[in-house]
Amino acid sequence: MPLYEHVMIARQDLSNAQAESLVEHFGTVLADNGGNLVDSEYWGVKTMAYKINKNRKGHYAFLRTDAPATAVQEMERLMRLHDDVMRVLTIKVGAHVEGPSIQMQKRDERDTRRERR
């Protein structure tokens with residue numbers, strides 16, 4: 001099955017538990033349609049560059065899935081209909097990267113940048 005990565009932004013006035021339960025809910029939607037939620041990360045509340053639906057901040061969540069295209073389409077459809085979800089980004093990838101995402105890594109653990117001249 002194809003591999004996908006999803007980033008979801010939920011409204012800022014939700015609690016952390018409610019935002020994490022959204023991830024679990026959409027994981028069950030995938031499972032019901034023949035997919036699998038490989039990994040999920042809750043990135044927390046972050047400030048956005050611009051307002052979305054009169055919100056300046058949002059709960060960010062990252063999902064790694066292994067699912068057929070129909071299951072992903074159904075999950076995206078339900079995310080767009082859900083009142084608490086503001087934005088969704090889905091990307092098809094060749095392979096999932098092991099370990100935590102770049103957002104979850106500490107600044108010291110990241111690769112060093114090249115020096116400026």
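Bear in mind these aren't lab numbers, they're just calculated from the coordinates by the rules spelled out. Since the structure is predicted, the reported quantities are computational estimates derived from the model, not experimental observations. Neighbour counts are summed over all protein chains in view; Cβ atoms, including those assigned to glycine, are modelled from backbone coordinates with ideal geometry.
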Q. How much net charge surrounds Ala19 when only other residues with a Cβ under 15 Å from its Cβ are counted (Lys, Arg +1; Asp, Glu -1)?
A. -2
Q: Starting from the Cα of Leu78, move 7 Å in the Cα-to-Cβ direction to define the label point; list residues of the range 1-39 whose amide nitrogen is under 14 Å from there.
A: 21-37
Q. In angstroms, what radius of gyration and Dmax does the range 3-93 have, counting Cα atoms only?
A. 12.5, 36
**Q.** Among Leu22, Leu63, Leu81, residue whose mean-square fluctuation peaks in a GNM of the chain (springs only between Cα atoms under 10 Å)
**A.** Leu81
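What does the charge count around Tyr4 come to, taking other residues whose C-beta lies under 14 Å from its C-beta (Lys +1, Arg +1, Asp -1, Glu -1)? If you can, show how the numbers build up before the last one.
Values: positive: Arg64, Lys92; negative: Glu5, Asp39, Asp66, Glu74, Glu76.
Residues close to Tyr4 contribute a combined charge of -3.
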